[in-house]
Each structure stands twice: as C-alpha cells, then as structure tokens.
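Below is one structure, written out as structure tokens, with a few remarks after it.
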Amino acid sequence: MAATVIYFSCFEKNTREYWQFMASLGVGMTLFLLVSWLYPNGHDLRPALTADGNIFTEMVRILYQIDTPTNILPSIHVFNSLAAAAAIGGCESLRKHRILCLASWFLALTIVLSTMFLKQHSVFDVLCGIALYGAVYLAVYAGKTDYSIRLPQRQQNRLQKNI
C-alpha cells in the first residue's frame with residue numbers, strides 16, 4: 001500500500017489516475033469506518049496457540065496481538081489490496097510493465113488468502129470487502145467524474161503562453 005500511494009503521489013503524472021486511486025481509498029475506508037461505527041463486529045475464529053517455541057507460531061501470536069479480530073467487516077485488507085492492484089493494473093504508464101501489473105494482482109490474491117488462513121477474516125468478511133471494492137470501483141473508475149484540476153482562466157492563459 002505504502003509503495004503504491006508513494007508512486008501515485010510522487011511519480012504518476014496523470015492526475016486523473018492519481019485522484020481515482022485516492023478517491024477509491026478515501027471512499028472505501030470511510031465506508032469501512034462508518035460500518036464499524038454503526039455495526040461493531042468481530043469474530044472468534046482464532047485457535048489457541050501452543051507454546052512450542054516454533055518461530056512461525058510466535059509470529060502468528062504477535063500478529064494476533066497487533067491485529068485484533070474486531071471491526072473486520074468488510075475486510076479493509078482485501079479492499080486496500082484490490083484498490084492498489086487495480087490502480088497499478090489500470091495505470092497507463094505502468095501497463096507496459098506487465099510483470100509489475102501481474103505481480104500486484106498476485107500479491108493482492110496472496111493477501112486475501114492469508115487473511116483467511118491466519119484467521120484475521122472469515123470468508124464472509126472477504127466477500128464483503130470484494131463487494132465494497134466492486135461498488136467503489138464502479139463509482140470512481142466507471143463514473144464520468146472529471147478529476148482534472150480547474151485553474152482560473154488567467155492562470156490557464158499564462159500556462160498556455162509558457163508552453
């Protein structure tokens with residue numbers, strides 16, 4: 001997520017693609033917060049971890065301490081992963097880097113699956129996260145919203161003279 005936000009904020013020259021990505025993140029995370037506020041939710045799917053000294057068990061134990069199973073519907077992990085992959089895959093300047101686009105979708109898929117395998121989210125949470133992203137995608141990317149920056153006529157004239 002951080003790398004995608006940095007790329008679109010600092011290096012992407014297409015302001016429409018930048019604003020579409022930022023709008024999708026803003027709308028999706030705001031809707032997530034609204035759902036969590038109106039309907040606090042959680043799950044009790046996590047197994048009891050044994051103290052066997054296994055490094056992987058310890059890593060999962062730390063993850064469980066950091067990421068509690070509360071306010072998990074819809075899955076913001078899934079939403080953000082799909083938003084980043086779709087922004088990278090749909091970015092005109094990145095389309096020529098086919099491996100990067102495929103890698104972003106593969107990473108999104110592995111994040112989605114890992115949230116279920118590590119018991120951070122249930123299948124229902126993941127499906128709701130996918131549905132939320134689908135609705136936001138249709139509103140932000142398929143809509144006819146004009147994301148270009150509007151300058152006053154005087155500034156537009158100055159810009160045209162300098163070009």
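The values are calculated or read from the model by the stated rules, or taken from the named source; none is laboratory data. What you see is a predicted model; the values in this text were computed from it and never measured. Note that we place each Cβ from the backbone using ideal geometry, even for glycine, and neighbour counts take in every protein chain shown.
Going by the conditions given, is Ala48 aliphatic (A, V, I, L, M) and within 14 Å of the chain's Cα centre (by Cα)? It is false that Ala48 is aliphatic (A, V, I, L, M) and within 14 Å of the chain's Cα centre (by Cα). What are the residues in the stretch 128-143 that are part of a loop (DSSP other than H, G, I, E, B) and surrounded by 13 or more Cβ atoms within 10 Å (Cβ to Cβ), if any? The one that is part of a loop (DSSP other than H, G, I, E, B) and surrounded by 13 or more Cβ atoms within 10 Å (Cβ to Cβ): Tyr141. The sole residue among Thr115, Thr110 that is under 30 Å from Pro40 (Cα atoms), of a type in the set (Ser, Thr, Tyr), at pLDDT 95 or above and more than 13 Å from the chain's Cα centre (by Cα) is Thr110. Filtering the stretch 65-78 to residues that are out of contact with any Asp or Glu (no Cβ under 6 Å at 6 or more places or on another chain) and either in contact (Cβ under 8 Å) with a residue 40 or more places away in the chain or closer than 18 Å to Leu34 by Cβ (or both) leaves Asp67, Pro69, Thr70, Asn71, Pro74, Ile76, His77, Val78. Look at the stretch 1-26: where a residue is farther than 11 Å from Ala83 by Cα and a partner is exposed (fewer than 12 other Cβ atoms within 10 Å of the Cβ), sitting 6+ places away or on another chain with Cβ atoms under 8 Å, you get Asn14/Glu92; Thr15/Ser148; Thr15/Ile149; Arg16/Ser148; Glu17/Glu92; Tyr18/Ser9. Is it fair to say Leu49 is farther than 16 Å from Ala84 by Cα and either aromatic (Phe, Trp, Tyr) or touching a helix residue (DSSP H, G or I) at 6+ places or on another chain (Cβ under 7 Å) (or both)? For Leu49, the condition - farther than 16 Å from Ala84 by Cα and either aromatic (Phe, Trp, Tyr) or touching a helix residue (DSSP H, G or I) at 6+ places or on another chain (Cβ under 7 Å) (or both) - is met. Output the number of the condition that Leu45 fails; it satisfies all remaining conditions of (1) touching a His at 6+ places or on another chain (Cβ under 9 Å); (2) of a type in the set (A, V, I, L, M); (3) modelled with pLDDT of 90 or more. Of the numbered conditions (1) touching a His at 6+ places or on another chain (Cβ under 9 Å); (2) of a type in the set (A, V, I, L, M); (3) modelled with pLDDT of 90 or more, the odd one out for Leu45 is (3). Restricting attention to the stretch 117-127, the residues being buried (at least 16 other Cβ atoms within 10 Å of the Cβ), outside any loop (DSSP other than H, G, I, E, B) and either touching a helix residue (DSSP H, G or I) at 6+ places or on another chain (Cβ under 6 Å) or without any contact (Cβ under 8 Å) to a residue 24 or more places away in the chain (or both) number 1.
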